[in-house]
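Quick one: structure below, then a few questions.
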Amino acid sequence: MAAKEKYPEPSYLEYGFGELEHDVIKKELCCYCGNCIAFCPKIDKEGNRPELIDYDPLCGLCYAYCPRTMLDMPRMEKRIFGRERKEDEPLGIYKKAASARIKSSGVRAQDGGVATALLIRALESGVIDCAVVTGRDEKWRGVPKIATTAEEIAAAAGTKYTITPSVTGVQMAMDQGFKKIGFVGTPCQIQALRKVQLLEEPYQFGQKKIALLVGLFCMENFEYERLFPELVQGSFGLSPEDVDKFEIQKGMFRVLSGDQVKEVPIDQTDDYVWKGCGPCFDFSAELADISVGSVGSKSGWSTVLPRTDAGAKVYEEALKAGAIEEAAVSEKGLALAGRLAKGKEERFTAKTAELLGRGVPVNIRR
Ligand SMILES: Cc1cc2nc3c(=O)[nH]c(=O)nc-3n(C[C@H](O)[C@H](O)[C@H](O)COP(=O)(O)OP(=O)(O)OC[C@H]3O[C@@H](n4cnc5c(N)ncnc54)[C@H](O)[C@@H]3O)c2cc1C
């Protein structure tokens, strides 16, 4: 039986932006991935939220591909991997787990620079014709960018711990005529783009142009308008321009500025967390072609989980070409990543129960 018939797509086109606003945005479930803004010309950014700029009573595409509406993980897993995730797979389905790091020096990467190396390799081998990355401005606001050279990909290395509608970069890339788009982003952004790819509604809006999804591990992200004024400037006394790097290490949220290190326990950063991160269960970007994170590997290395054939091919080619080097990931490291993933899932269960108690259903099937 064809996959299309086996896992039929539920139709949500009878819903529209009004429902998206009511069910997701006003309920603070929106993860501000940028998917609805990217693929609908009638939706734009307004402050930190999507806003309808032109009414279309006939279209409900935004509701259908929002990662916070009707996210049916088992169904998507079957479509992507041919099977559902098992209970004892807290990091989702993957072909192998390894530690790896970029071999070329000069990239100011967050961890092992593997996200950067994989995208560069995919670009150089023709798997993608551009990479949509999240760069930043001088004040550390995340900025979606289209990178077409190794230098541009490398320039976007490093984690920006503030919510950014990075998926809007995919639409910019489509508008500019790119046909094999690589994307790197957080689990919610990967869920969004997978929903777009798998949508079986009679619309063609470039789904087939999404060629490679590199997912990042993510426990949560932060709201720029709170993190910077209250913590970075307020508590740490640093202006955004002076920050060299943010990192989360050993339970501490750290800001590196010259030879100064300012830090606070991560559990004291709850006030700055983006509200829409609460109803998220996905730590390791389970729907990506390949996932990359810091937890599980030594400092300066990344934990890598190639998941699909496409992800495994790019990873193996990067190894073969000498772009990255590999080391065994320790069982202890992998178990730690698994425990964090389970912790995020438990937080999701508690949060969704709390939301339901307030009359806010979260339509996600894990
Ligand atoms: C918000 C956030 C939270 C994270 N939390 C964890 C965690 O809890 N545990 C863990 O192990 N790892 C976490 N990570 C992943 C980790 O910070 C590194 O991104 C990952 O280890 C890859 O490192 P690298 O050196 O290979 O990446 P690099 O080579 O430095 O490349 C990083 C890539 O990330 C992209 N990027 C940066 N900021 C964003 C953003 N805000 N949104 C989308 N894309 C972005 C850039 O485009 C860049 O290409 C988080 C990442 C993000 C963005």
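The values are calculated or read from the model by the stated rules, or taken from the named source; none is laboratory data. Computed from a predicted structure; not experimentally measured. Glycine gets a Cβ as well: all are built from the backbone with ideal geometry, and neighbour counts include every protein chain shown.
I'm trying to understand the selection: among the residues of segment 113-139, which are over 23 Å from Lys313 (Cα atoms) and either part of a strand (DSSP E or B) or touching a residue at least 24 places away in the same chain (Cβ under 8 Å) (or both)? Steps first, answer last, please.
Taking segment 113-139 first, the residues over 23 Å from Lys313 (Cα atoms) are 134-139.
Thr134, Gly135, Arg136, Glu138, Lys139, listed by residue number.
Looking at segment 204-217, can you tell me whether even one residue there is away from the ligand (no atom under 16 Å from the Cβ), in the same structural domain as Ser291 (by TED's automatic domain parsing) and either over 20 Å from the mean Cα position of the chain (by Cα) or under 27 Å from Leu340 (Cβ atoms) (or both)?
Yes, that holds for at least one residue.
Let me ask something else about it. Just the residues that are part of a loop (DSSP other than H, G, I, E, B) and under 21 Å from Leu213 (Cβ atoms), please, taken from segment 301-320. Please lay out each step first, then the result.
Within segment 301-320, the first condition is being part of a loop (DSSP other than H, G, I, E, B), and the residues that meet it are 301, 307-308.
Arg307, Thr308 - these are the residues of segment 301-320 that are part of a loop (DSSP other than H, G, I, E, B) and under 21 Å from Leu213 (Cβ atoms).
I would also like to ask the following. Would you check which residues across segment 210-247 are without any contact (Cβ under 8 Å) to a residue 40 or more places away in the chain and either surrounded by fewer than 18 Cβ atoms within 10 Å (Cβ to Cβ) or aromatic (Phe, Trp, Tyr) (or both) and list them?
Pro229, Gln233, Gly234, Ser235, Phe236, Gly237, Ser239, Asp242, Asp244
Here's another thing I want to ask about it. Collect the residues in segment 75-112 that are in a helix (DSSP H, G or I) and either within 16 Å of the ligand (Cβ to nearest atom) or hydrophobic (A, V, I, L, M, F, W, C) (or both), keeping them in residue-number order. Explain how you work it out, then say what you get.
So in segment 75-112, the residues in a helix (DSSP H, G or I) come out as 75-81.
If the condition is that a residue be in a helix (DSSP H, G or I) and either within 16 Å of the ligand (Cβ to nearest atom) or hydrophobic (A, V, I, L, M, F, W, C) (or both), then Met76, Ile80, Phe81 are the ones that fit.
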